[in-house]
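Structure, as structure tokens:
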Amino acid sequence: MKTYHAYQAEAKNAEAKLQDVQAQKKKLEQQLQGKTGTTRSLKRFEHREEKRKHKYNENKLKALKARNDYLLCIESANAAINKYYSDDITDLMDCMNFGYHSCVARTMKMYLSSHEQLRNSHQRAIDRLNQCIQGLDARADKQKFLELHNAMFMLPKKFEYQPYKGDEARSINAVVDEMTHRCETLKARLEGVHLENDELWKTLETAENSLMKMISVNDHDVTLLFLTDNPPPPKSPHEAAKHKADRLETESYYLSKFKEYTLSCNRLARLQSKHNAIQKAAGEGINNSGTIMRPLSFRAKPRKRRIGRTPPVGQPKLFGGSLEEYIDNTGEEIPLIIRSCIRVINLHGIHHQGIFRVSGSQVEINEFKSSFEKGEDPLIDMVDASDINSVAGVLKLYFRELREPLFPLHLFDELINCTRVEDPNVRIEKIKELITTLPRSIFIVMRYLFAFLNHLSEYSDENMMDPYNLAICFGPTLLPIPPDRDQVSYQSNVNDLIKTIIINQEEIFLNDGGEVYEKWILDNQDNIDGNEEDEVGSLPSDEEASFCGKPESLGNIFIIPSFPACVYICSPQYSLMPPTSLLVFIVLYFYVLGN
């Protein structure tokens, strides 16, 4: 910033001197009006003017380059801080407590095993310890710690550009040749850092696996120590010392590689931010010949790598678990519970008054929850809206019980600040910028959910659930207010944020791949009926239709009661009807209905 201000000051001084020389020259020209020939004084002033103009152009170019470097440094610093608070803090926690919970569990199991062998009256204490062991969850503890100390780990405000006096430009000006060369250099550097980062991750992963094997040694069972006949010989002190030394060496190596990997990721984020900033300037800049520079491509955001990841055992936890971990373990882009509940509400509850606002039966909600936790779909055979409030209730319960809310805690302040922006376009752009930093799996689920809520709000005249009412229902669930904040004062901001995302979900969520929400969902039973026994239906002619008599006898054509809104054709090849056939079909429907 100091360099930038210094160069701007030099440019202003050079400009002032140039204007002074030009004023003196103009004054001399006025005095020499009417005289023939060119005087020596005028030539001297012209020479001084040319010299001052050259000096001014040099200083102006230096000031422009200094401003570009200043803006790039701001982008780099913001990216580094965002990377630190978004990823590095949690990674540091995962690294430093790696293996801690395993050691605690092994210690408790050893204590538990000794009490079991004593066979006395400590059974109740043993059961409690067993529950503690089963409840050990490193990531849940980390999330609880972040919630209790959320002010320390909240993403801070970005560095703001501080312009020099009179310099109101807030973006990088594309000095074409320099920026193009710099962009190519950064691109090559990025590729090298990407390769280096991948190699560091492989090394870190190998060291992590080796350390996990050392930590997870199954030595907590002390049954053999209580045997009176032939007890096992004690371990050699040298063997124990060697094991400890090997573990300390592996831990030191693991920490050193983690440090290298973290610094490499931070360097990658800073380089990528500079590259993106230059791309943006190059994409908007025009060179002297009038040719628009085409923005260069860059790598897509990679999948987040987890530090201290343990292999999953059995079915991943659904309620009370992590959405990102569940998707990683199951491979489902949209979890079954979300997809199934939204499908049923789309088919049978889109017009239901008070959906998500009216509470369902707690017994039914618990039954649905139990079935989903077993990996089953209890809603697959649902054909009406009798339990629709319970379906909506179990969907809200799932999001409410997630270990980490859909919107991360560290983005709370930044998201709330977005609601205070007056310009709607700027507000949407800021929300979009924050959401695009989320992991890919969370982004896809969020896009699917808000597309459904937007579709649901289109029928607010019938279901009484406009975007604001939906925001009231989902705001505390998707973006819970930290416990140390004023719940009442922040609730309106949370509701405004969710409402804005519901209304503008198409602008905020880019359709760049992955599963998307479809407004018109066919019931599973329709597909089964359409394919059963190779019954391939066709649209009836006028003569065939005259024998139908009733709407339900029209071959494989199934008519929804709200006929003007939708016509469903069970046969797959007629899922989209040509306009002429559709017109004939409508006339036929009302003719039969009138008879």
Quiz item: Looking at (1) surrounded by 14 or more Cβ atoms within 10 Å (Cβ to Cβ); (2) modelled with pLDDT under 75; (3) not in a loop (DSSP other than H, G, I, E, B), can you tell me which one Leu129 breaks?
Solution: (2)
Quiz item: Say we look at the stretch 378-404 and pick out the residues that are assigned to a loop (DSSP other than H, G, I, E, B) and within 27 Å of the chain's Cα centre (by Cα); which of these is farthest from Val363 (Cα to Cα)?
Solution: Glu404
Quiz item: So Gly290 clears everything in (1) out of contact with any Lys or Arg (no Cβ under 9 Å at 6 or more places or on another chain); (2) modelled with pLDDT of 75 or more; (3) in a loop (DSSP other than H, G, I, E, B) except one condition, right? Which one?
Solution: (2)
Quiz item: Any residue in the stretch 387-403 that is touching a residue at least 40 places away in the same chain (Cβ under 8 Å), among the hydroxyl-bearing types (Ser, Thr, Tyr) and assigned by TED's automatic domain parsing to the domain that holds Leu347?
Solution: yes
Exercise. Please go through the stretch 101-128 and pick out each residue that is small (Gly, Ala, Ser) and without any contact (Cβ under 8 Å) to a residue 12 or more places away in the chain.
Key: Ser121, Ala125
Quiz prompt | Selection within the stretch 233-265 - out of contact with any Phe, Trp or Tyr (no Cβ under 7 Å at 6 or more places or on another chain) and in contact (Cβ under 8 Å) with a residue 40 or more places away in the chain | solution = Thr250, Glu251, Tyr253, Tyr254, Leu255, Lys257, Phe258, Glu260, Thr262, Ser264, Cys265
Quiz item: Regarding Glu196, is this residue surrounded by fewer than 17 Cβ atoms within 10 Å (Cβ to Cβ), modelled with pLDDT of 85 or more and under 30 Å from Lys158 (Cβ atoms)?
Solution: yes
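Yes/no per residue for (1) under 21 Å from Asn504 (Cα atoms); (2) among the hydroxyl-bearing types (Ser, Thr, Tyr):
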site	(1), (2)
Asn389	no, no
Glu422	yes, no
Glu429	yes, no
Lys432	yes, no
Ser441	yes, yes
Leu453	yes, no
Met464	yes, no
Pro467	yes, no
Quiz item: For the subset of the stretch 132-171 comprising residues that are over 20 Å from Glu325 (Cβ atoms) and acidic (Asp, Glu), which member is modelled with the highest pLDDT?
Solution: Glu160
Quiz item: How many residues, within the stretch 327-371, are at negative phi, part of a loop (DSSP other than H, G, I, E, B) and not β-branched (Val, Ile, Thr)?
Solution: 10
Quiz item: Taking the stated definitions as given, is Ser121 part of a helix (DSSP H, G or I), out of contact with any Lys or Arg (no Cβ under 6 Å at 6 or more places or on another chain) and small (Gly, Ala, Ser)?
Solution: no
Practice problem: Might you let me know whether the stretch 235-248 holds any residue that is surrounded by fewer than 12 Cβ atoms within 10 Å (Cβ to Cβ) and either of a type in the set (Val, Ile, Thr) or outside any helix (DSSP H, G or I) (or both)? | Solution: yes
Quiz item: Which one of these does Phe474 not meet: (1) aromatic (Phe, Trp, Tyr); (2) at pLDDT 90 or above; (3) part of a loop (DSSP other than H, G, I, E, B)?
Solution: (3)
Practice problem: Would you please list the contacts, defined by Cβ atoms under 8 Å and residues six or more apart or on different chains, that run from a residue in the stretch 488-514 that is outside the structural domain of Cys473 (by TED's automatic domain parsing) and modelled with pLDDT of 95 or more to a residue that is small (Gly, Ala, Ser) and surrounded by fewer than 18 Cβ atoms within 10 Å (Cβ to Cβ)? | Solution: none
Practice problem: Check Phe407 against each of (1) assigned to a helix (DSSP H, G or I); (2) under 12 Å from the mean Cα position of the chain (by Cα); (3) not hydroxyl-bearing (Ser, Thr, Tyr) and name the one condition it does not meet. | Solution: (1)
Quiz item: Scanning for something surrounded by fewer than 15 Cβ atoms within 10 Å (Cβ to Cβ), farther than 22 Å from Gly135 by Cβ, among the hydrophobic types (A, V, I, L, M, F, W, C) and in contact (Cβ under 8 Å) with a residue 12 or more places away in the chain, does the stretch 356-371 turn up at least one residue?
Solution: yes
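The values are calculated or read from the model by the stated rules, or taken from the named source; none is laboratory data. This is a predicted model, so every value here is computed, not measured. Virtual Cβ from ideal backbone geometry, glycine too; neighbours counted across all protein chains shown.
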